[in-house]
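Peer 1: The structure is given below, and queries will be raised subsequently.
The values are calculated or read from the model by the stated rules, or taken from the named source; none is laboratory data. In this text, all values refer to a predicted model and were calculated from it rather than measured experimentally. For neighbour counting, all protein chains shown are included, and Cβ atoms are generated from backbone atoms with ideal geometry for every residue, glycine included. For accessibility, only protein heavy atoms count, side chains too; no ligands or nucleic acids. Shrake-Rupley method; radii C 1.70, N 1.55, O 1.52, S 1.80 Å.
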Amino acid sequence: MGSETESSEVRDLSLLKPNYMLLSLQRILVLTVILAGVILVVYYTPMPEAYFENCDRECHELDWPMICRVKLVIEVYKTLSKSCGSCTEKNGGDCPATCISADGRVRGVLSANRELPSPTLHVCHNDILVVDVVHRAPAHALSIHWRGQPQKETPFMDGAPMLTQCPQPAYTTFQYKFRASSVGTHMYHAHSAADAADGLSGAFIVRQSSRLDPLRKLYDVDDTKHTIFVSEWGHSMGPLAGVISSIPNAESLLINGKGNSSESPDTPLSSFNVEYGKRYRFRLAYGGGSKSCPIKFSIDQHVLEVITLDGHQIETEHVSSIEIGRGERVDFIIDAKRAPGVYKMKVMAVKSCQDNLDGMANLVYEKVEQKVLRKDEEAFDSNVYRELTTVSSDNCASENVICLNEVHATNKIPEELAAAVEEIVYVPFNYSTKQISAKRVESWGQTDGHRFTYPASPLLTQSDNVGENEFCSKEPGNGEECVHVKKVPLGSTVEMVMFDQGGESDHIFHLHGYSFYVVGMRELHRSFDKDTIVKMNREGNLFTKNLIDPVIKDTIVVPKFGAVALRFKADNPGYWLMRDERSTHWTRGLDFILKVGNQGDFVQAPSDFPKCGSYVGPEYFLI
């Protein structure tokens, strides 16, 4: 009886014994399915070609980022080359792609790929750009700045000469590699404003998936052809612009590299096509020029629904015109509900900067099979007569003008920035022109009494080669030239208060590596010393601050005799330039550098990254 029970238990145990062969087959099947899935994903994922990969595509949140290879050949070219033929004359036909017509007059151009402006780059969020800059323009030391990109992973690709890289010598190639981490309408351009004014600047658009785009429901079409790049153009500009105290006037404003003049009134203009009944998203960027007057943009008989500033979303504003300064970008929507025809897209400089400076393009309603009849007053809201401006002035008192401090961001400011900040940086600056003698006029700029100059080696990659005597002292200066660096603890909350003590004009500043909240802006109408500004800010009398939903920007126009308060979280370690946008070359003394964190916090450049610096030979070189 006992033996039967034992044999029964043995049989039961044998039944419970796992089938290792079956388990192995199951595991092999699962691994095969996973491997097949990986192979399919890799096979159907776009892979970069040897040199170029067109990343201008519809973005999808499930797509892998693409490696976007771009080759920019920088060379001295000219407008109205032989390829233009007679296209700038009446009934001369369309200009070929190889023709730079500009305003119909011959002029030298510092071009990228023989285009004006430089080629517009369209990528998707988190795509990786690999840009080969092939420098074939002698007498130009280049670096390219990618405006709007924080470069957290690659601060050495920011394009600030002698801060993040050596300037690129002629007849060499420099490769920029970075992630397009910031969505929106941005720009890329030469660091030297003179080079940018001569043509080396263009639009840089970073799109995101329509499912992730919070603005997607507001428009029907976001066409790559609806990017508007405005630039000043003049024939008396060039390398000497800005060296003399009186900057020559610009002679025209170009829209996507096209305009006309009294000497060449038949030069073709840029055209933007739309269809009746659709809502279109347009992207506007202002590259400026040697003078960089603020500009006012409008489209005849159309309302502009402004949705972003410098790539950051705002509460929409319906306006008839938009006024911006150099380096600023605006996205807007138009509702194409006008009768078929051609409507003028106009841009003009603010008269207080320069009178009779304008440009034009065409907004063309494409023909459709069914003719559309619509009364003007039904399609165009004539009650919308306000203008939006980022340039603060006395006009802000008018109810017809929406100034920057009246614009609201869609999202609230983070709580840590709405509370008391950990660091307050005060930046008094002064730019003035003085008559030294009957024949001598001098202009110079200072921040905290220091005149900015660049170090002999890049601070980010060769800080050990920069002597302590090259840096400005912590105390206010007396006009001496030095490398002006302000230290900010990594991870701190910062408020930067900038104020103009000179009153010569408004000033435009662009902060590399960061975007900031514009929590305060005010015109003071006269000069105040630093101690008075500090006291007014502590007592709450300097600004009426918006600590709820201020706009986010990376470029700010400081009013004449005015002040601004900018807040940000110092979470991007490195050396970041606060760039004076009115400088016509590398600097006119008003720039300064924010050093966020310490050397050990910085992302290190590759070991073979280019180096540069001063050279002093042996003491007895010829003996």
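Peer 1: For the range 103-122, what are the residues that are part of a strand (DSSP E or B) and open to solvent by less than 10 Å² (accessible area, probe 1.4 Å)? Walk me through how you get there before you give the answer.
Peer 2: Filtering the range 103-122 down to residues part of a strand (DSSP E or B) leaves 108-112, 115, 121-122.
Within the range 103-122, Val109, Leu110, Ser111, Ala112 qualify.
Peer 1: Assess whether Pro455 counts as being modelled with pLDDT of 95 or more and either polar (S, T, N, Q) or in a loop (DSSP other than H, G, I, E, B) (or both). I'd like the intermediate steps shown before the answer.
Peer 2: Numbers: modelled with pLDDT of 95 or more: yes; either polar (S, T, N, Q) or in a loop (DSSP other than H, G, I, E, B) (or both): yes.
Yes, satisfied.
Peer 1: Let me ask something additional. How many of the residues in the range 325-350 are within 15 Å of Glu232 (Cβ to Cβ) and either over 23 Å from the mean Cα position of the chain (by Cα) or open to solvent by 60 Å² or more (accessible area, probe 1.4 Å) (or both)? Talk me through it step by step, then tell me what you get.
Peer 2: Residues of the range 325-350 that are within 15 Å of Glu232 (Cβ to Cβ), as a first pass: 325-328, 347-350.
Now narrow it down to the ones that are either over 23 Å from the mean Cα position of the chain (by Cα) or open to solvent by 60 Å² or more (accessible area, probe 1.4 Å) (or both): 348.
Final tally of qualifying residues: 1.
Peer 1: Please go through (1) open to solvent by less than 50 Å² (accessible area, probe 1.4 Å); (2) outside any strand (DSSP E or B) for Val70 and return the number of the only condition it doesn't satisfy.
Peer 2: Result: Val70 fails condition (2) only.
Peer 1: Which of the following residues is hydroxyl-bearing (Ser, Thr, Tyr), farther than 18 Å from Arg281 by Cα and at pLDDT 90 or above: Thr316, Thr308, Thr389?
Peer 2: Residue meeting the stated conditions: Thr389.
Peer 1: Another one. Would you mind listing the strands (runs of 3 or more DSSP E) fully within the range 248-352 where at least 3 residues are in contact with a helix residue (DSSP H, G or I) (Cβ under 9 Å, 6 or more places away or on another chain) and within 25 Å of Ile556 (Cβ to Cβ)?
Peer 2: Result: 279-288, 304-309.
Peer 1: Can I ask one more? Only residues in the range 587-609 that are farther than 26 Å from Glu481 by Cβ count as the first member; pair them with residues that are among the aromatic types (Phe, Trp, Tyr), Cβ under 7 angstrom, at least 6 apart or cross-chain, and list the lot.
Peer 2: Short answer, once both residue conditions are applied: Ala605/Phe156; Phe609/Phe156.
Each row is one residue, and each column tells you yes or no for (1) within 35 Å of the chain's Cα centre (by Cα); (2) at pLDDT 75 or above; (3) exposed (fewer than 15 other Cβ atoms within 10 Å of the Cβ); (4) not acidic (Asp, Glu).
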residue	(1), (2), (3), (4)
Glu4	no, no, yes, no
Asp12	no, no, yes, no
Gly37	no, yes, yes, yes
Cys55	yes, yes, no, yes
Glu58	yes, yes, yes, no
Ser101	yes, yes, no, yes
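Peer 1: Can you report the number of residues in the range 469-494 which are more than 30 Å from Gly287 (Cβ to Cβ) and either of a type in the set (D, E, K, R) or assigned to a loop (DSSP other than H, G, I, E, B) (or both)?
Peer 2: We begin by selecting, within the range 469-494, every residue more than 30 Å from Gly287 (Cβ to Cβ); these are 469-480, 482, 487, 489-493.
With the extra rule that they be either of a type in the set (D, E, K, R) or assigned to a loop (DSSP other than H, G, I, E, B) (or both), the set shrinks to 470, 472-480, 487, 489-492.
Residues in the range 469-494 being more than 30 Å from Gly287 (Cβ to Cβ) and either of a type in the set (D, E, K, R) or assigned to a loop (DSSP other than H, G, I, E, B) (or both): 15 in total.
Peer 1: Inspect the range 289-304 for any residue being without any contact (Cβ under 8 Å) to a residue 24 or more places away in the chain and over 28 Å from Glu89 (Cα atoms) and give the result as yes or no.
Peer 2: We begin by selecting, within the range 289-304, every residue without any contact (Cβ under 8 Å) to a residue 24 or more places away in the chain; these are none.
No, every residue in the range 289-304 fails to be without any contact (Cβ under 8 Å) to a residue 24 or more places away in the chain and over 28 Å from Glu89 (Cα atoms).
Peer 1: Kindly list, by first and then second residue, each pair from a residue in the range 410-425 that is more than 27 Å from Asp448 (Cβ to Cβ) to a residue that is assigned to a loop (DSSP other than H, G, I, E, B), limited to pairs with Cβ atoms under 7 Å and residues at least 6 apart or on different chains.
Peer 2: Note: pairs meeting the criteria are Lys412/Ile548; Lys412/Asp549; Ile413/Leu547; Ile413/Ile548; Ile413/Asp549; Ile413/Pro550; Ala418/Leu547.
Peer 1: Please go through the range 134-182 and pick out each residue that is among the β-branched types (Val, Ile, Thr) and surrounded by 22 or more Cβ atoms within 10 Å (Cβ to Cβ).
Peer 2: Of the residues in the range 134-182, the ones among the β-branched types (Val, Ile, Thr) are 134, 144, 154, 164, 172-173.
Within the range 134-182, Ile144, Thr164 meet the criteria.
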